[in-house]
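Report on the structure given below.
What follows is calculated from the coordinates using simple rules that are stated; it is not laboratory data. Not measured: the values here are computed from a predicted model. FYI the Cβ positions are ideal-geometry reconstructions off the backbone, even for glycines, and counts take in every protein chain you see.
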Amino acid sequence: MYISVAIDGPAGSGKSTITKQVASDLKYNYVDTGAMYRALTYKFLKNNLYELDEEKILNILDKTNLEVIFNDGKQLVIIDGNNVTDNIRTNEISKYTSLFATSRAVRNYLIDIQRDLAKDYNVIMDGRDIGSCVLPNANVKIYLTASIEERAKRRYNELSSRDKSISLEELKKIISERDYQDSNRKIAPLIKSADAILVDTTNMTISQVVIRIKDIIAEKIKGN
Ligand code: DC
């Protein structure tokens, strides 16, 4: 039996930074489900699809081959043979991913791939609906969050070295809109499942959060 750890939470809560580190320390595979939604969105935009049209989405998905592979513990997302891992982090992709993540066809397409990844490895998987939908029987479920001010500040610091055109206030607005969209969609919304442990990272350093998560995992696995 393989161990699965589900980490859910809103944008900027620290999920990917923390999850990557914990996965590397514990030698688990880090599965970044957001990257899969982003990769499909990349393809929709490349096909000039900018609106939620289920028929067009299904048509494109029909001709899509999404592969997720692990290279030295790093997840690579390959779409139709092209490695798009480094092309899916733009503001435009973030904005449209939140939209396409509301599509039933998109979610149905990805859920099987995500579940399969947890079948053959110990995984720590991050996203919005992992504990509630993708892996409801995960050994450990954690809900990571932080105040909107803190999350916007983190994104700002992360972006500002690359993109000086966006202000902290604008980022706060963008993140609030994504939070709203992710939490209020009909299918698989961002939600803290009842059995998830809440970790508020607002006033914590990265290493404090990593230690806390590893403690929770150790405690839960010991009890299983
Ligand atoms: O974690 P991220 O910022 O890379 O996620 C990109 C978008 O994908 C985000 O708006 C929510 C969506 N998403 C989702 O709906 N379900 C997931 N399991 C992961 C991401």
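Observations, loosely collected:
- Tabulated pairs, segment 170-185, first within 14 Å of Arg154 (Cα to Cα), second part of a helix (DSSP H, G or I) and among the hydrophobic types (A, V, I, L, M, F, W, C), C-beta under 6 angstrom, 6+ apart or interchain: Leu171/Ala152; Lys172/Ala152; Ile175/Ala152
- Test for Asn59: is it without any contact (Cβ under 8 Å) to a residue 12 or more places away in the chain and of a type in the set (S, T, N, Q): yes
- Among the residues of segment 33-53, at least one is within 22 Å of Leu171 (Cα to Cα) and more than 15 Å from the ligand (Cβ to nearest atom).
- Which listed residue is crowded, with 18+ Cβ neighbours inside 10 Å, more than 30 Å from Gln208 (Cβ to Cβ) and among the hydroxyl-bearing types (Ser, Thr, Tyr), from Tyr143, Tyr96: Tyr96
- Candidates Ala101, Ala105, Ala152, Ala118: the one that is farther than 23 Å from Val77 by Cα and either touching a residue at least 24 places away in the same chain (Cβ under 8 Å) or out of contact with any helix residue (DSSP H, G or I) (no Cβ under 8 Å at 6 or more places or on another chain) (or both) is Ala152.
- The one condition in (1) charged (D, E, K, R); (2) part of a strand (DSSP E or B); (3) surrounded by 15 or more Cβ atoms within 10 Å (Cβ to Cβ) that Glu67 fails to fulfil: (3)
- All of (1) among the β-branched types (Val, Ile, Thr); (2) outside any loop (DSSP other than H, G, I, E, B); (3) buried (at least 20 other Cβ atoms within 10 Å of the Cβ) hold for Ile88 with one exception: (2).
- Within segment 14-25, restricting attention to residues that are in contact with a helix residue (DSSP H, G or I) (Cβ under 7 Å, 6 or more places away or on another chain) and among the aliphatic types (A, V, I, L, M), the residue that is farthest from the ligand (Cβ to nearest atom) is Val22.
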